[in-house]
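Remarks on the structure that follows.
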């Protein structure tokens, strides 16, 4: 009897002790983050940025609270967001990787390289073929963690007031053109590339300061008012067939997060990438029709010009890889993805996404040689194999080589 009383009393003591500790111990403080988009409200590419933060706020409620700011609210220029996140002024911010090419030419290959990966290709490469892990290596050099979170369909191409159907038609045309590789190709075709922020394009076109411009997908181009100031739509969009943007996270801020919240970042990035692609792809049909109804005429490049653009693009990619080991690693990884995927794509034609790039074997062999020259060939092969093994074992919670010393334990 006394024994039962003792046991009951001891259990009651434990219960009260746990209750008191729970009541009087300080609760885990909610981490409050600042997150800025690189897009102003007038450019609807912010949709993916906002979707990402809204999704994370729901998934990480109680641990993390993200306040979203549009472009200009804290940092005034989009190219300054990189440094603001790296230094911790912002906990996170969106990035168009091409804007960071001046820091390292490898950033060009995180997003849309001319005549290279399409949206579907990027999604497979990032999440199944080592692309995500290679991004961590690159951005990690700058105190950043990177999550590719948004991709649209191929960009529109160029909008002009004169028809452009051959390479010769580009001669002398002053064209707003984003991207180092894209600008070089345009110059090689005889055009005059000009860089300017998206918000300045309308005025420059209307005043005749430039003769043409490219920016984004049909919904976004419509929001910029191109239908009011251009007559022709030059297609296809060879310059950016798979436009990717991402979220940069300050590494110090990221490392303070609970492991389960870190896992949520990757899952939210994958979910947002799928959402953004399907959203912008579907609206492209609607806004294409709106441009045609507004009287804009399609001016399609001939096959000879498309072949020439491919030739110029691959020459530049190979030159970049030969000059920069980071490019060699990333571009060879992408070529390997194409090579590994080519036979499946061929035998399933025409019921497949994307395409096998022309002269793939030739491009692959040259990028393979560049990777071996820089001593990164084995790194790519081993990385691809380790990612595939991790996925086949259903180890989705492991973020990759950057974090394998602290693998995430999935919550039950």
Open item on the list: Please determine whether any residue of segment 276-292 is farther than 22 Å from residue 47 by Cα and modelled with pLDDT of 95 or more.
Closed with: yes
Task: Sole residue being surrounded by fewer than 12 Cβ atoms within 10 Å (Cβ to Cβ), under 21 Å from residue 120 (Cα atoms) and either modelled with pLDDT under 95 or out of contact with any strand residue (DSSP E or B) (no Cβ under 8 Å at 6 or more places or on another chain) (or both), chosen from 384, 346 - done: 346
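Conditions tested, residue by residue: (1) more than 23 Å from residue 82 (Cβ to Cβ); (2) crowded, with 24+ Cβ neighbours inside 10 Å.
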{"position": "106", "(1), (2)": "no, yes"}
{"position": "115", "(1), (2)": "yes, no"}
{"position": "118", "(1), (2)": "yes, no"}
{"position": "122", "(1), (2)": "no, yes"}
{"position": "126", "(1), (2)": "no, yes"}
{"position": "143", "(1), (2)": "no, no"}
{"position": "150", "(1), (2)": "no, yes"}
{"position": "158", "(1), (2)": "yes, yes"}
{"position": "161", "(1), (2)": "yes, no"}
- [ ] Can you give me the number of residues within segment 132-163 that are touching a residue at least 40 places away in the same chain (Cβ under 8 Å) and in a loop (DSSP other than H, G, I, E, B)?
- [x] 11
Task: Odd one out for residue 114 among (1) assigned to a loop (DSSP other than H, G, I, E, B); (2) in contact with a helix residue (DSSP H, G or I) (Cβ under 7 Å, 6 or more places away or on another chain); (3) at pLDDT below 95 - done: (3)
Open item on the list: Could you list, ordered by first residue, the pairs with Cβ atoms under 7 Å in which the first is in segment 64-79 and part of a helix (DSSP H, G or I) and the second is surrounded by 16 or more Cβ atoms within 10 Å (Cβ to Cβ), at least 6 apart or interchain?
Closed with: 78/38; 78/71; 78/99; 79/99
Task: Those residues of segment 230-239 which are under 25 Å from residue 274 (Cα atoms) and touching a helix residue (DSSP H, G or I) at 6+ places or on another chain (Cβ under 7 Å), in sequence order - done: 238, 239
TODO: Return yes or no: is residue 222 surrounded by 19 or more Cβ atoms within 10 Å (Cβ to Cβ) and in contact with a helix residue (DSSP H, G or I) (Cβ under 7 Å, 6 or more places away or on another chain)?
DONE: yes
Open item on the list: Among the numbered criteria (1) touching a strand residue (DSSP E or B) at 6+ places or on another chain (Cβ under 6 Å); (2) assigned to a helix (DSSP H, G or I), which one does residue 299 miss?
Closed with: (2)
Open item on the list: Can you find, within segment 185-208, the residue that is farthest from residue 292 (Cα to Cα) among those that are in contact (Cβ under 8 Å) with a residue 24 or more places away in the chain and in contact with a helix residue (DSSP H, G or I) (Cβ under 6 Å, 6 or more places away or on another chain)?
Closed with: 188
Open item on the list: Please determine whether any residue of segment 29-47 is under 12 Å from residue 247 (Cβ atoms) and not in a strand (DSSP E or B).
Closed with: yes
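The values are calculated or read from the model by the stated rules, or taken from the named source; none is laboratory data. All values derive from a computational prediction rather than experimental measurement. As a convention, Cβ positions derive from the backbone with ideal geometry for all residues, glycine included, and neighbour counts pool all protein chains shown.
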